[in-house]
Amino acid sequence: MLKAFKIVNRIYPDAKLLLVGDGPDRDRLESIAKDLKINAEFLGYVSEKELIKIYKRAAIFSSPSRTETQGLSLLEAMSSGCAPVVSNSLGFKDFVKHYYNGLFFRSRNYKDLAKNIVILMKNKSLRERISRNAREFAISFSKENQVKKLIEVYKEFSKRPLISIIIPTLNEEKYIKKTLEAIKKQSYKNYEIIIVDGDSKDKTREIARNYTKNILIERARGIG
């Protein structure tokens with residue numbers, strides 16, 4: 001990111017890079033930024049309210065991360081109308097569509113990162129369109145919309161209310177009958193019982209067969 005912004009600053013000397021967050025590498029990175037003579041400010045840890053103000057202040061959000069999974073910071077930035085420039089990897093691919101609601105750059109390639117930032121800075125209409133699309137996309141992940149999706153999931157499962165009860169066993173002939181009888185006494189009847197047996201040497205499987213045909217024998221001992 002710092003190397004990429006060196007290129008950006010050659011073209012746009014007034015452009016400023018805001019780095020939000022803290023960590024053990026901060027001193028080292030500040031030293032690199034100083035050596036590169038870029039217009040960068042390390043803000044460290046900020047509150048949620050401050051972060052929202054920073055997102056609204058920014059025109060472009062960028063993350064060079066190659067290991068992002070959920071991309072929460074990306075969604076936060078998109079919801080504030082920032083135009084994203086992110087690496088073409090992992091979780092970012094779930095949220096960004098190239099040239100629709102963001103731009104991808106080739107992972108590990110700081111020159112390509114700089115190139116895509118400059119593209120958005122040069123082309124105001126493209127930046128505004130991507131910003132608008134990014135915000136609309138992020139709204140679909142609001143708390144209200146996520147609750148609606150969750151309710152739909154519950155409704156879907158309610159149509160298929162089969163419950164699978166999995167019981168790992170190993171030489172449980174003293175207890176397995178009581179366990180299975182207790183399950184039979186439950187008021188909810190739409191269930192299946194699956195016994196996963198660790199190659200018992202007693203009558204565990206023989207007893208279990210009176211209650212279920214779903215018996216799997218795991219002869220290789222290990223963590224259940």
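The values are calculated or read from the model by the stated rules, or taken from the named source; none is laboratory data. Since the model is a prediction, treat every value here as computed from it, not as a measurement. Positions of Cβ are generated from backbone atoms using ideal geometry, with glycine treated the same way; all protein chains shown enter the neighbour counts. With ligands, DNA and RNA removed, areas are computed over all heavy atoms of the protein, side chains included. Shrake-Rupley method; radii C 1.70, N 1.55, O 1.52, S 1.80 Å.
Find out how many positive minus negative residues lie around Leu36, taking Lys and Arg as positive, Asp and Glu as negative, among other residues whose Cβ is under 9 Å from that of Leu36. Net of charged neighbours comes to +3. The equivalent ellipsoid that matches the C-alpha gyration tensor of the stretch 34-124 spans semi-axes of 19, 18, 14 angstrom, in descending order.
An ellipsoid equivalent to the stretch 148-224, defined through the eigenvalues of its Cα gyration tensor, has semi-axes of 29, 16, 9 Å when rounded to whole angstrom and sorted largest first.
When the convex hull of its Cα atoms is viewed from all sides, the chain shows a mean projected area of 18.9 nm². Note on the stretch 73-150: semi-axes of the ellipsoid equivalent to its C-alpha gyration tensor, largest first and rounded to whole Å, are 24, 15, 8.
Only helical DSSP H runs with n ≥ 4 go in: add -39500 (n - 2.57) per run for the chain, normalise by residue count and round the 222 nm mean residue ellipticity to 500 deg cm²/dmol.
Values: 10 runs with 102 residues, N = 224.
Rounded to the nearest 500, it is -13500 deg cm²/dmol.
Rank by packing, highest mean first: peptides 146-155, 199-208, with packing defined as the count of other Cβ atoms within 10 Å averaged across residues.
On the way: 146-155: 9.7, 199-208: 16.5.
The packing order, highest mean first, is 199-208, 146-155.
Using a 1.4 Å probe, what is the accessible area per residue for the stretch 128-224, in Å²? Please list the in-between numbers first.
On the way: 7500 Å² over 97 residues.
With the other protein chains kept in place, the stretch 128-224 gives 77 Å² per residue.
Take every DSSP beta bridge whose two residues both sit in the chain, then give the antiparallel share in percent to the nearest 5. Kindly include the intermediate steps, with their values, before the conclusion.
Values: 1 of 23 bridges.
If I count the DSSP bridges inside the chain, around 5 percent turn out antiparallel.
Put simply, the amide H of Ile167, placed in the peptide plane, has neighbours under 5 Å in Ile194, Ile195, Val196, leaving out anything fewer than 5 places away on its chain. The slack in the chain from Asp94 to Glu152, taken as 0.36 nm per residue of separation less the alpha-carbon distance, amounts to 18.8 nm.
For the stretch 122-179, the Stokes-Einstein estimate of translational diffusion at 20 °C and a viscosity of 1.002 mPa s comes to 129 µm²/s, using the Kirkwood hydrodynamic radius over alpha-carbon pairs.
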